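Here's the structure we're looking at; comments come further down.
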Ligand code: UDX
């Protein structure tokens, strides 16, 4: 491996390990690029980013390297034996992650012998097991990247301390379908008033709620006691109470240094699907702020009934729309027939793609609103572009994010849920909410609020901005307390 280094040079070599899911890959790559951009002595930071792939057979377990054009970032294809997005449960997925431990040891060993020894791991919170163990065994510092909101981390922190509330109380609140609208917490420091239905639940293909809460607790305890630092993709002005509490109360230093919303393409692309660029040409032909962008992220699923209600609502609202119809989004309906049905009923007001270049869409002047599942990445990408949100949360942190969007930041609307145990939205509700967002007075107030947040988010990286100051502090911390490597003659060799 060529390294472009000089003997005696001091450097920090970061090995970045993602959690292999769309909503996690992108923030890690964006954070690595942010570090590379701001590192004081740019040339002395190298990043190696792991790309997991499923090996074809047991003999196919080699690493392969690919350099980014400026050679400060390289990507390594890394075999992940049980890698599949279709595992039966999250517990199986978490267990399967443990098998990367020996490969990580081998890769780090490889760098020790043939390249620049790894001096720091930057890894997703969800990969705490096994990456924290690898870091500890090898005496390397680990920075954990928490890809969701500060408030979500604070909730995990409380659950793991077990005094303000316990996992049992959380489980009871989540499972009490008839008490969905009851208050779960009202005056817990750092958190807004949360209802039972706002709590993160993980009912997707299987119900993994308890598994994920317990896994998050264990991961957080390990991060809080053993990680070098935790970084968050949020900023102080967005979540002042949660950010303040985390940085004051945790044992591990917590740096809120977001938002990272850089567009990734080419050598740094993390997209797991091909983006259909044709929608940008279509958006170019639409009036300013006239298009509702509809996307449910990478994992959300809609029932057939829900899809039909949504389609009715969207069509009856008479608004222009761009709809991301990810294959697998709708239970029991295939992509082609759903897409045909939408287009045939849209009277030329709609455009359908199976995956969009979302950041380019949200920053397009024709987009006036976002009907979103409220995944954290979609939420902050909307904030960074000043686009108000119509919330359609499905699972995980999405209901909690929606609570912030509607009640705290006042840049969005939420539907009234009625049928299917509180999960169904009537088509009339959908139509009315879309109209309010896109053309009503309420919508223009929400748009104004979204714009104000956009301003705040961009000020964070101006001089003396909160995220820039904290990023400086993080980088200083990395430069002073993480042991640098020194390029030796052997490590310069290919
Ligand atoms: C998952 C969880 O579902 C979510 O609750 C959690 O907050 C993050 O992890 P996901 O469903 O993938 O996330 O949603 P989100 O966090 O919004 O991330 C989706 C990413 O895919 C965004 O970066 C978005 O820009 C991108 N995207 C989405 C596209 O590039 N094109 C699309 O068509 C749709």
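Looking at the stretch 401-412, is at least one residue closer than 30 Å to residue 318 by Cβ and over 21 Å from the mean Cα position of the chain (by Cα)? So far as the stretch 401-412 goes, yes, one or more of its residues are closer than 30 Å to residue 318 by Cβ and over 21 Å from the mean Cα position of the chain (by Cα). Which is surrounded by 16 or more Cβ atoms within 10 Å (Cβ to Cβ) and over 18 Å from residue 434 (Cα atoms), of 358, 306? Being surrounded by 16 or more Cβ atoms within 10 Å (Cβ to Cβ) and over 18 Å from residue 434 (Cα atoms) holds for just one of 358, 306, which is 358.
Residues in the stretch 381-395 that are touching a helix residue (DSSP H, G or I) at 6+ places or on another chain (Cβ under 8 Å), farther than 15 Å from residue 413 by Cα and near the ligand (Cβ under 9 Å from one of its atoms): 381 only. Restricting attention to the stretch 352-366, the residues that are within 13 Å of the ligand (Cβ to nearest atom) and either farther than 14 Å from residue 295 by Cβ or part of a strand (DSSP E or B) (or both) add up to 3.
Mind telling me which of the residues 249, 284, 267, 256 ends up being more than 14 Å from the ligand (Cβ to nearest atom), within 26 Å of residue 192 (Cβ to Cβ) and exposed (fewer than 15 other Cβ atoms within 10 Å of the Cβ)?
249
Among the criteria (1) closer than 25 Å to residue 21 by Cα; (2) surrounded by 17 or more Cβ atoms within 10 Å (Cβ to Cβ), the one residue 317 does not fulfil is (1).
For the stretch 319-351, the set of residues classified as touching a helix residue (DSSP H, G or I) at 6+ places or on another chain (Cβ under 7 Å), outside any loop (DSSP other than H, G, I, E, B), under 21 Å from residue 435 (Cβ atoms) and more than 11 Å from the ligand (Cβ to nearest atom) consists of 321, 342, 345, 350, 351, listed by residue number.
Residue 272 falls short on exactly one of the conditions (1) surrounded by fewer than 21 Cβ atoms within 10 Å (Cβ to Cβ); (2) more than 10 Å from the ligand (Cβ to nearest atom); (3) within 28 Å of residue 457 (Cα to Cα), and that condition is (2). Kindly indicate whether residue 194 is more than 18 Å from residue 393 (Cβ to Cβ), crowded, with 19+ Cβ neighbours inside 10 Å, in contact with a helix residue (DSSP H, G or I) (Cβ under 8 Å, 6 or more places away or on another chain) and at pLDDT 95 or above. Spelling it out, it is not the case that residue 194 is more than 18 Å from residue 393 (Cβ to Cβ), crowded, with 19+ Cβ neighbours inside 10 Å, in contact with a helix residue (DSSP H, G or I) (Cβ under 8 Å, 6 or more places away or on another chain) and at pLDDT 95 or above.
The values are calculated or read from the model by the stated rules, or taken from the named source; none is laboratory data. Computed from a predicted structure; not experimentally measured. Reconstructed Cβ throughout: ideal geometry from the backbone, glycine too, with neighbour counts over all protein chains shown.
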